[in-house]
1. I'd like to verify a number: residues in segment A:310-343 that are aromatic (F, W, Y), under 17 Å from the mean Cα position of the chain (by Cα) and away from every other protein chain (no Cβ under 11 Å), how many?
2. Please specify each residue of segment A:157-203 satisfying the condition of being open to solvent by less than 30 Å² (accessible area, probe 1.4 Å) and farther than 22 Å from A:I222 by Cβ.
3. For segment B:633-644, state whether one or more residues are of a type in the set (S, T, N, Q) and at pLDDT 85 or above.
4. Give segment A:425-442 a look and list any residue that's facing chain B (nearest Cβ under 10 Å), in contact with a Leu (Cβ under 9 Å, 6 or more places away or on another chain) and either over 16 Å from B:E189 (Cα atoms) or open to solvent by 30 Å² or more (accessible area, probe 1.4 Å) (or both), or say none.
5. Does at least one position in segment A:460-478 carry a residue that is open to solvent by less than 40 Å² (accessible area, probe 1.4 Å), under 19 Å from A:G327 (Cβ atoms) and within 9 Å of another protein chain (Cβ to nearest Cβ)?
6. With respect to A:V279, determine if the residue is away from chain B (no Cβ under 14 Å), surrounded by fewer than 24 Cβ atoms within 10 Å (Cβ to Cβ) and either at pLDDT 90 or above or out of contact with any Phe, Trp or Tyr (no Cβ under 8 Å at 6 or more places or on another chain) (or both).
7. Just one of A:E414, A:E487 is open to solvent by 10 Å² or more (accessible area, probe 1.4 Å), of a type in the set (D, E), under 22 Å from A:Y323 (Cβ atoms) and at the interface with another protein chain (Cβ under 10 Å from one of its Cβ atoms); which is it?
8. So is B:L181 within 13 Å of chain A (Cβ to nearest Cβ) and open to solvent by less than 10 Å² (accessible area, probe 1.4 Å) or not?
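The values are calculated or read from the model by the stated rules, or taken from the named source; none is laboratory data. Here the structure is a predicted model, which means the values were calculated and not measured. Because the Cβ atoms are built from the backbone with ideal geometry, glycine has one as well, and the counts that use them run over all protein chains shown. The accessibility values were calculated without ligands, DNA or RNA, using every heavy atom of the protein model including side chains. Shrake-Rupley method; radii C 1.70, N 1.55, O 1.52, S 1.80 Å.
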Amino acid sequence: MIPFSWLELFPVLQMSLLVLMALAGPLIPSKGVVKGMHLVGLTLLTISAFIVLNYTHTSGPFAFQMGGYERNIGIELLIDSFSAFFAFFVLFFVTLIHLFSMTSLNLDTPASQHTAYYSLLSLMYFSMIGILYSNDLFNMYVFIEILSLSACGIISVSRKKQNYMAAFRYLMMNTLASISVMFGIALIYMLTGSLNVSIMAERLVELYPMYPVNVSLSLGFIGVGLAIKSAIFPFHVWLPDAHSSANTSASAILSGVIIKIYLLTLIKLLYRLFTLDVVIDLRIPVVMVVLAGVAMLMGSAFALGQKEIKRMLAYSTVSQVGYILLGFSIFTWGGLVAAFFYIVSHAFVKGLLFLTAGMAKSIHGIKSIKATEGIGYKIPLTMMLFTVGAMGMVGIPGTSGFMAKLQLSLAFMEVSRGYLRSFLIISGVINALYFFPIIMNSFFQEDNKEVFKLEKIPFAMGFTLLMFVGIIFALGLFPGLLLPYLEAAAMSLMGS
Amino acid sequence: MKLNFRSFTLQSFFLSLLSLFMMGSFVAFLINPSLFDGPFFDGFRATADFLSASRFLPFIILGMPTLSGFLRLIFNQSSLTLKDEILLITDILIIAIIMMIYPNVLAGPLRFEFNSVFNFGFSLQINMLSYIFILLAAILWFFVMMYAHEYMKKENHTRRFYVFLSLSYASTMGIFMAGDLLTLFFLYELMTLFTYILVLHNQTKNAIEAGTEYLFLGILGGFSIFIALTLIYPITGSFAFVGAHDLLASEGPAKYFIALLLFMGFGMKAGMVPLHVWLPKAHPVAPAPASSLLSGIMIKVGVFGLIQSFIYFYLPDPFTSRQGLQLLGSILIWLSLITMLFGAFFAFMQVDFKRLLAYSSISQIGFVVLGIGVAMVQGEKGGPGLAGAIMHGFNHALFKSLLFMVVGMVYIKTHEIDMRKLGGLRKKMPITFVVSLIASLSIMGMPLFNGFVSKTVLHHAIADAAKYQSSAYLWAEGLFILASVGTVAYFIKMNKMVFFGDLPPALEGITFKARSVYAPMILMALSLFLLGVFPRFLSETMIVPYLQTLSFDPEFTVYGTLNIAFFGASELWLILGIWAGGIGVYVLSMKYKWDQVKFPPWLHLEYLILFPLSALMHGLLNLIDKDHDVMDLPTYQSYQVRNYKRTFKDHLVAFTDTLNRKYESLFIKSDALIYAIGLTLMVIVLSIFAILN
């Protein structure tokens, strides 16, 4: 038995603090105080998550039993390199976005909604961390539900007709997905008689040969449910509306972390619950490769035809989910690390793109791609930041997007599936085809005689954007900063 | 005459005197190092040793140009003279440093490694090959910048231009110094982005179109190098340019695929047929200083990449089996011959001054790549081929950038680029005329000028290939001579149309005084002449010492580069023949108007590639949606009005968009239905399981 350390209380405290912030928000009359409280709270949370991450890194994983019940019926939180790293990543990311939203929210959301928006966000963070930490299926399911519902609220917070439409569609699709996940859980509970992932996995080893259909059906239900929630290609229909109609900071969070949480849940369950042998026996890798390849190509191809910048970015997210899934689909250590790197890289790159596109939309009223003509002279800073994001997306070396693609390609070579790189290349070329025209249009318009005039960006927004750019280049040039954590995370998934 | 010490002309004159002095002493040092013994020179030597041992050197060589561009931006309010001086003085320092480290590089390659970058390491190395190219780039940059002062006065967006020009210069230098394939790829992509801005500098319709094409081909080339490097890594375990041939040699078919990808990636930058399509568009639209550098050093990036990857990944050490190498080499030889003839032919057909030079660049790059191909075919006797390639690359950089300067001069004087509207300029601009004549004679292979030297070495190399390998290369030799004949013909045409004949009345009154441009032009013309008079200088001091460090047969290398009787009777007879042929072609074509033949537009390479793609998209669109808005297939008539590319992209977008809308509306319209079906199915399946269990 490892001696109990007070650090092991941190995860519970983190989650309690988030719920507390969500509940306290509506009670505080001043909006400024609410924003400040959330900023302080999130900063503390990020720091604590970093401490927990380093703790797991040095002294190994630890489990926390809620209320001290026994594992079989109680709620268990498992904090290992995997969950601790991604909890830290989520909190770090949303803290930066929160800083941005403190100014941007005034521009794109009715003032009456601010408090509700922050409360919903806190609930969302709470459920995201909960999904990552929890080691039993029922708890995980509850958190998934909370996440879907609060995300639905976030989408509709701007109170426009299109928001309601998008939120409704999102809600319907996600409810279907939740039910599907629930069926899957029920099916596998039928077999194992437990909801604790570790116990179930132990029992499944013996039970799978006896009840293969049950396991495969349950895997199918859970897989499809999570696929809908993470917008894997044929189930992506809700995503473009939802991500493009949400306000600036919310679309960055939706595209940056939320769909990644579902992907991480999927891969976590595949490794921890169903175990690798079963997954390979059921030919899941082949299904994943096909889905990922189609997603990469079709997502990019659909983005090509869009007329609105944010919708284009949303379709690009559809294709990027394919990249991540492709990394997972080879089920090797290298593939996992590459996919994790891709998740982090894509969050910052797409976050930057959504933030700058949102700024162009909410401050300068530029929505459609056609309207970008010549705006490089009016809002050069915004467009330069957008250019950095676009370069990251296309995979120009020096940005984190390139490093992610390089690692993916090398991971494919390890298992001699080099042909998978053709997806990367084709999708990359199409990325260039739809990102570069925007930049060309905005900066190199024909016979433009206007003079560069730097626009002002409010401090909080500018700081966040600068941090994003810094992270994109830092990860692109020195991936060694991040890789040890990712390798440990992949190791902890593979090891168990 | 009153001297104005604040004028750019005078200052640049002193700077060029300084550079002349530096180059003179460098040459003296190369010829007789013992002249420089003594306490006075110990300081230089100590500095060079310190720089070579420390890790600052690459930062200085790459950082100074970058810095100079940004300094120019910061001193935006200062006088133009000061701003342009910054570029010149920083470059003088770089040239001095590069010259100082010559003994250190000669002793062995300098390597600089930064292992934490990219997770795989970022490394730079200066071996003799890199040294030749960075010295060339630094000197060319100096002359071009001196020239650019006058030219850029009339251009817009100069701040942006200089920043990106210096960034592309720095990244080009970086490519020449790359120590591993990943670093090379990184800088290659950066260079594509930076030069893209130079190409579309004027922001006219043509410039933007050319820039777009350049960018996308650059990205495609980059991706093919990217695949190549991910293929190489698992085989060799590293990206470094250290002998990996043994590992690669045992690999089988993969190595041919890698070679193909590398040819594509670097060949595109070098302008090899059929990946040359961007070059005749991009070079003419850029401002003259930029096209001078683009044609001078930036297309050498492709050549350098080919040589470097050939040496480190394909050159066996020692020569055991060269079966695969020969195949690759012969492919390269025939491709380069096609490039040479294609370039020469189209250069002859042009009436646009700059396009003629751009096609001429394609043709000359063919000569360079031919040398690499010969080196691959010849195996251990490959020294002369590679020497010829490096030498011709060096010489081509000098005379082609000089020719682009000449075009620039003609352009700022007359504002005319169409050669049919020019003529008789020899009286109006005598210095430019003489310089143009020297550069043309050089590129045509006239003895006493440098082009002759490298072409002779290349000719001997291909003749040796025919002698030692297969007699099929006799044909190659013939085609080589034919391409030389073509070169003579189109340069006679160019000089005739621009400088001889009658002065058009529109150009009677041109006046233009800018003495600062003459110093660089004259100095470069002088260097062409000197390198031609001393044909063994370059190979003796740099190229042969470099080739001796490789696994080529050293005696054969010396035999094929230094022991050629350059001014012997057989060479001179051959040149006489080539000249007679060239003049003959020119006279005949003038008589029968061969150079005014119009080709049907459907023969155009881009149309041939894009038409089937558009047709495919059209068919797919018809398949999924019969009553979409009618969109016509691009015809070759529509190619003539230059909207063929848009039709292809339109087709692609229309297809994917329709598909998307169909799919989504299907999903949304039947929302409830799908949910109902899904739920019922799940319930049914569940109940079946309940019954079964």
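1. Final tally of qualifying residues: 4.
2. A:V157, A:S158, A:N163, A:A166, A:A167, listed by residue number.
3. no
4. A:I426, A:V429, A:I430, A:L433, A:Y434, A:M440
5. Yes; the residues of segment A:460-478 include at least one that is open to solvent by less than 40 Å² (accessible area, probe 1.4 Å), under 19 Å from A:G327 (Cβ atoms) and within 9 Å of another protein chain (Cβ to nearest Cβ).
6. Judged against the criteria, A:V279 is not a match.
7. The unique qualifying residue is A:E414.
8. Considered against the rule, which asks whether it is within 13 Å of chain A (Cβ to nearest Cβ) and open to solvent by less than 10 Å² (accessible area, probe 1.4 Å), B:L181 comes out as yes.
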